Amino acid sequence: MNSWTRRTHKRAFGHHLPIFLVSAAAVATLYVTRPYKDVLSKASFATAYPALLLLALTLLIGPWNLIAGRRMPVSSDWRRDVGIWAGIVTVIHVAVGQNVHLRGRPWLYYLYDSHAKGPHGLRHDLFGFNNFTGLIGVLILLVLLVTSNDWSLRRLGTPGWKQLQRMNYACFALSAAHSVGYQTMEKQKVGFVTTVWLCIAATLVLQVAGYVLRRRRDRVRELERLSESVG
C-alpha cells in the first residue's frame with residue numbers, strides 16, 4: 001500500500017466515517033425529538049446545530065494542537081475533513097431552510113413582499129438579517145469547500161491558500177449571528193441557546209489562546225535567531 005493509498009484509507013475510515021456517523025446520529029436524534037408537525041421544519045432544526053458545531057470544530061482544532069504542543073502543518077487532513085462535513089451539513093440545512101417559513105416563495109426570505117403593505121426591497125428586519133447572514137456564510141463555506149484539496153493548495157500556493165482559508169473566521173461569525181438571530185426570533189429553549197453560546201465562547205477562547213501562544217513562540221524564535229546572529 002503506497003502513501004497516497006494509506007492516506008486515502010485513513011481519511012475514509014478514520015475521519016469521514018466517524019464524522020458521518022456522529023453527525024448522522026446527532027441529526028437523527030434532533031429530528032425525532034422535535035415536536036414540529038412537518039418534515040421540513042424538523043429537518044431544518046436537526047441540521048442547524050450539528051452544522052454550527054462542526055464549523056466551530058474546524059476553528060478549535062488548530063489552537064488545540066498549538067496548546068498541546070503538536071506540530072501545525074499548513075493543511076491538516078483532520079481539520080479539512082471536518083470542514084468538508086461542516087459544508088455538507090450546512091448546505092443541506094440551507095437548502096431545507098429555504099422552504100420552512102415561506103413555502104414555495106424563498107425569495108421572500110431576502111425581499112419584502114411587493115404585493116403587501118409596508119416596506120419594500122431588501123429585507124432589513126431581524127428575519128432578513130438572519131437570512132442574509134446565513135446566505136453569505138454558506139457562500140463563503142462553499143468556496144472553502146471546493147478549495148479544501150491538495151490541488152487548490154498547489155495551485156494557489158501556501159500564502160494564497162492560507163489567506164483564502166482564513167475566510168472561515170468570517171463564515172463562523174456569520175453562522176453564529178444567524179443562529180443567535182433565529183433563536184431570538186423563535187424564542188428557542190434555554191438548552192439550545194446555551195449550546196450556541198458555549199460554542200461561540202469556546203471558539204473565541206481557544207482562538208485567542210492560540211493567537212497569544214503563536215505570538216509568544218514567534219518572539220522566542222526571533223530572539224533565538226538574533227542570539228545566533230550575534231554569537
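Every read-out reported here was derived from the displayed coordinates using simple, explicitly stated rules and does not represent laboratory data. Small disclaimer: the values here were computed from a predicted structure and weren't measured.
Note on the chain: helix-only mean residue ellipticity at 222 nm, from DSSP H runs of 4+ residues weighted -39500 (n - 2.57) and normalised by residue number, equals -26000 deg cm²/dmol.
GNM on the chain, C-alpha springs below 10 Å: top fluctuator among A51, A116, A176? Ranking A51, A116, A176 by mean-square fluctuation puts A116 first. A convex hull fitted to the Cα coordinates of the range 3-230 yields 169 cubic angstrom per residue. Run the Debye formula on the Cα coordinates of the range 168-231, all scatterers equal and no solvent, and tell me log10 I(q)/I(0) at q = 0.22 1/Å. So the normalised log intensities are -0.90. For the chain, the membrane-span-like helix rule (DSSP H, alpha carbon extent of at least 20 Å along the helix axis, mean Kyte-Doolittle at least 1.0) picks out 17-33, 39-67, 126-146; this says nothing about an actual membrane.
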